[in-house]
Every structure is written in C-alpha cells, then in structure tokens.
Amino acid sequence: MPNIKSQIKRDKTNIKSAEKNQVLRTKVKGLSKKFRQTVDAKDTDGAKAVMSSYFKALDKAAKANTVKDNFSANKKSKAAKYLNKAEAAKLNKTEEIKSDKTVEAKSNSKAETKTAKTEKAKSVKTEKTKSVKTEKTKSVKTEKTK
C-alpha cells in the first residue's frame, strides 16, 4: 500500500484504465469471432454489417491506445480480404452452376474450334520456320558473293 498521495491517485486511475482497456479488447475479440462466424455461414450481407461494427470497435480501441494502430490496420485488412475471398467464392459457385448448364451445349463446338486453332497454329509455325530458313540461305548466298 503506497504512502504517497499522488501514487494512491495514480493507482486508482490505472485500475480504471485497465478495466476500460479490458472491455475494449473483449469487444474487439468478440466482434472478430462474430465476423468470422457470419462469413463462414455464407451470410455476406450480415458479415458486412458486423464488419462495420468490428472496424468501429478497432478504431475506438486504437484511439484509446488499447491496441496499437498497426494492429488495428492489420486486422481491418485481413477482415476485408477474408470477406472478399468469401464473396468471390460465392460468385464462382453461381458462375459454375450457370456454366455447367451451358457447357454441355458448347462442348462439341469448343472441341471443334480447339482442334481448328491447333491446326492453324501448327501451319503458321511451319510457315514461319520455312521463311526463316529461306532468309538464312539468302543471307549466306549474298555473303559468299561478296
């Protein structure tokens, strides 16, 4: 137990700030878990709402120096990335469902166009090699004549 009056006052403020910091940290952790759960449940609209409150809590905690600014920025970045990845996966699944229906109709025409493209590429490649060989022989003949 301190005997100095200023130290007694300082202890009281330390206890108050520790309690306040603990509340803020707990709120940030809770919102982080809630955000992850809503994203994992594929509820992107709900996740956006939770993400907003999560970002707000992170900003408050950083402003009160409960957490460092970089901690807050890194958590925000990771949360946004996590949500974007989940939304992209959701979009890809809907595109896959749509494309599965059209793939059957396009599969025959795709195969025909693919073989035509490869044949065309082969013919272009052989033409290029022939033209390169003729250019080399012309240049060799002109050097011999000089």
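Since every read-out is calculated from the coordinates, none of them should be taken as a lab result. Owing to the predicted nature of the structure, the values given are computational and were not obtained by experimental measurement. Cβ atoms come from the backbone with ideal geometry, glycine included; neighbour counts cover every protein chain shown.
Kindly flag which residue pairs out of K29/K68; K12/K78; K16/K48; K48/K75; K27/K93; K20/K81 have an alpha-carbon separation exceeding 26 Å in this structure.
Violating the 26 Å limit, Cα to Cα: K12/K78; K16/K48; K27/K93; K20/K81.
Note on K16/D59: beta-carbon distance plugged into 1/(1 + (r/R0)^6) with R0 of 22 Å gives a FRET efficiency of 0.55. For the pair N3 and K117 in one chain, pulling the backbone fully straight at 0.36 nm per residue adds 32.0 nm over the alpha carbon distance.
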